1. Give the angle, between 0 and 90 degrees and rounded to the nearest 10, that separates the Cα long axis of helix A:197-214 from the longest principal axis of the Cα atoms of chain A.
2. Using a Gaussian network model on chain A with a 10 Å cutoff between Cα atoms, which of A:L165, A:L18, A:L125 fluctuates the most?
3. For chain B, take the longest principal axis of its alpha carbons; what is the angle in degrees between that and the long axis of helix B:300-313, to the nearest 10 within 0 to 90?
4. Connecting C-alpha atoms closer than 10 Å in a GNM of chain B, tell me which of B:V321, B:V132, B:V352 has the biggest fluctuation.
5. Using just the helices of chain B, give the 222 nm mean residue ellipticity in deg cm²/dmol: DSSP H runs with n ≥ 4 each add -39,500 (n - 2.57), and the total is spread over all residues, rounded to 500.
6. Taking B:K212 as the anchor, which lysines have their alpha carbon closer than 20 Å to its alpha carbon, excluding any fewer than eight residues away along the same chain?
7. To the nearest 500 deg cm²/dmol, what mean residue ellipticity at 222 nm is calculated for chain A from DSSP H runs of n ≥ 4 alone, each contributing -39,500 (n - 2.57), summed and divided by the residues?
8. Please report A:M225, A:M63 as a ranked list, fewest other C-beta atoms within 10 angstrom at the top and most at the bottom.
Amino acid sequence: MTEQAAQALPESNGAAILEASNISKIFGGLVAVNDVSFTVPERGIVSLIGPNGAGKTTFFNCMTGLYRPSTGRVVFNGRDITAKRPDIVTRAGVARTFQNIKLFRTMTSIENVQVGMHSQLRSRLTGMVFHTPFNRREEKQSYEAARELLRFVGLRRHNELAMNLSYGDQRRLEIARALASDPQLLLLDEPTAGMNPQESEELRKLMESLRSERGISVLLIEHDMRVVMNVSDRITVLDHGEKIAEGSPQEVRTNPRVVEAYLGSQA
Amino acid sequence: MSTAVATVRSNATSLRRLLPDWAWAVVFLALAILYPYILDVLIASPDDLLDASISTLGYIIMALGLNIVVGFAGLLDLGYVAFYAIGAFVIGWLGSQQFPDVNGGKGIHILTPAKSAFGSDLPGIHINFFFVIFIAAAFTAIWGVILGAPTLRLRGDYLAIVTLAFGEIVPRIFENSTSGIFGIGHTDFSNGRQGITPIDKINFPWSDTAFKYPLELKPVYYVGLAMVLLVIFFNRRLRDSRMGRAWIAVREDEVAAAAMGVNLVRTKLWAYALGAALGGFAGAFLATYTNTVNVDQFEFGFSVFILSMVIIGGMGNIWGVILGAIALSMMNRYGLKQLNGVPEKFGLDFDVTSINFGIFGFFLLVTMVLRPEGILPSRRRKLELHEAEIEGDVIAREEMSQLYDVRHEQ
C-alpha cells in the first residue's frame, strides 16, 4: 500500500492535461450530465464510476466531440476542444475506446490499427496512386508500427479479422487502435466488461505500463471495483448525472453517498 | 444444392490455383487484346458484338466508379447518371460545333483536324479527345463534391433518395439550358431535346486523321480498353491505400472512424469526387462513341442499370464489378437481341429487348436470394452479409473459453 502510494504520487502531481468545467448535457427534458467539473492530471490514471445510467458515457462523449455539451468547456493541453469534431479531438491527442466494442469488423487487426494512424499519415492522392517512395515508406512504417502496437497490447493474431477475435482480444485491439493516434490521453469506456479476472489483471498492468512507458494519462470508466481501486490515483463518482464524490480510492470507498448510490439508502 | 455449390466453388478455386495471379492477369489481358481478332475468326459478322463490347468498356468504367462510392465507402448513390450526363456534356461542349461563334466563327482547334472530311472549316471548340476525357473527369469530380456535400449528414435510404433526385435534376437542367444556364446568359448549352450531335471522333494528338467508327471499330475498342486498364490500376491502388482503409472504416462504423481521427467529410467527398470522375471519364468516351449527347440517354433507369452491375458482380470487389458490368451490358446490348424471335414461337407478340429491365430485375432478385454478396464478392462484403452465422461461432468459442477458465481456477 505505502509502496504503491509512493509510486503513484510523484506521477500524478503534474498539471492538468484535461480540464472539463461545468459540463451539462440535456436531451430534451432529461438532464444526463449536470454541471460536472473534472480534471485529469498529467500522467494520471483517473476513474469515473457510478451506477448504470449515471451519465458516465454521455460525459465521455461530450469530451470526445461525439456530443456537443449543452453548457461547459473542455480544455485539453491548454487548447479549447469544446464541441470540436471527433477527428479534431483525436488529432489534438485524445483517443478513446467504446463501451460496446466498435471495431472495423471485416478488417484485420493490423488494418484496424492502421486506420487509427490515419491522422498521422501524410500520403496524398498522387502518392497513393503512383506509389511514390514517400508513400511506400509510410505504408511500410505504419505496418511495422501497427505490429509493434499489437505486440504491446499482447495481441498475437495480427492478420485475423477483428470479428473473429475473442472478446478480450477485441478489447485489446480497441486499445491498440486508440494508441495508434499517438494520444496523450486515453479514454477507456468499460474496458474489462466481459473479461475474466485474469484478463482484467493483464489490462490493469497494461494501463500502468501506458503511463510508465509512454507517459499517457488514462481516464477510465469501469464497473470492476478491483480494477478501479487498484489502478486509480483518483476516482470521481457520478449519480443521476451529478458528481457526488471525488477523491482517492480510500476516500471514495468510505463515502456514505457513494455507498448509498450503489447499494440504496437501506444499506 | 449446397453440395453442388461447394463442388463448383472448390473446382473454381483449384482452377485459380493452376496459375499464379500475375499469370492470370496476363492471360486475361491477352484475351482482351486479341478479342476483336478472335471475333473475326469465330463469327461471320462480328461488328454487332464488337459494338456492344465497346459500349461495355464504357459501362465497366462507370461501374468501377460507382463501386468506389457504393462498394468502398458504402454510400448508396441512385443518381450516378448525373455524372454520365456531365461528362458527356463536357465533350459535347469541347468537341463539337455546339458553340459556332467562338473565335469569330473560325473555331478553336487543339490537336484536332481543323477541316471537316469535306474540306470545309469547322467552327466550335475542338479539343483532342485524350485531353477532353481528363477535363471531363476533373469537371465531373468537382460536381461530385458539389452534389455530395449536401448529402454528407444523410445515411441509407435518405441518402439514396437525395441522390436519386440529383440524378433527375441534372439532366433536366441540361435539357433547359438552351438559353443560358441557370437563366444566366443566352448561350445554348445543350440543344434541348435534340441534343448535341455530331461529336468529334477520337484522333491521336500526333495525327490529323480521326478514327472511322462506326465503320472501323477496332481502334476505338483499344482506346476503350486502355481507359479500362487505367481505371483498374487507379482503383486497385486506391483500395489498398490509406484512403481505401478510411473508406472501409467509414462504411463499417462512422462513429468509430471519426473517433479514430478520420475526417468524415473529407473521406466521403473524396469518394464522391473520384467515383464521379470515373463517371465523367466514361461519359465522354460513350458520347463520342455514340456520336450524340442527348438528354434522353440520362434517365433514372441508367443509374439502376449501373448499380445492378455493381450488386450482381459483387460490391467492393473490382473483378466482380467488372464481371457484373460485362454480363449485364452484353446481355442488354447484344444477348437480348438474339432472343427477339423467341416470344413469337410461343404465339406471343412482344419484343424481348423492350422488357430488358424486367429481365434484369429478375436476375437481381435471383442474385439477392441465392448469393446476396454477388457473383464474385469482396472478402469483406461476404463477411458482412454472413456475419450472423460467424458471430454465433465466436460466441460459442467465447463461452467455451470461459468455461475453461472457471475449471482452471478451481
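1. So the helix axis and the longest Cα principal axis differ by about 70 degrees.
2. Greatest mean-square fluctuation among the candidates belongs to A:L125.
3. 40
4. B:V352
5. Working: 16 runs with 254 residues, N = 410.
About -20500 deg cm²/dmol.
6. Excluding near neighbours in sequence, the set is B:K115, B:K201.
7. -12500 deg cm²/dmol
8. A:M225, A:M63
Each value in this text was obtained by applying a stated rule to the coordinates, not by laboratory testing. A quick note: this is a predicted structure, and the numbers were derived from the prediction, not measured. For neighbour counting, all protein chains shown are included, and Cβ atoms are generated from backbone atoms with ideal geometry for every residue, glycine included.
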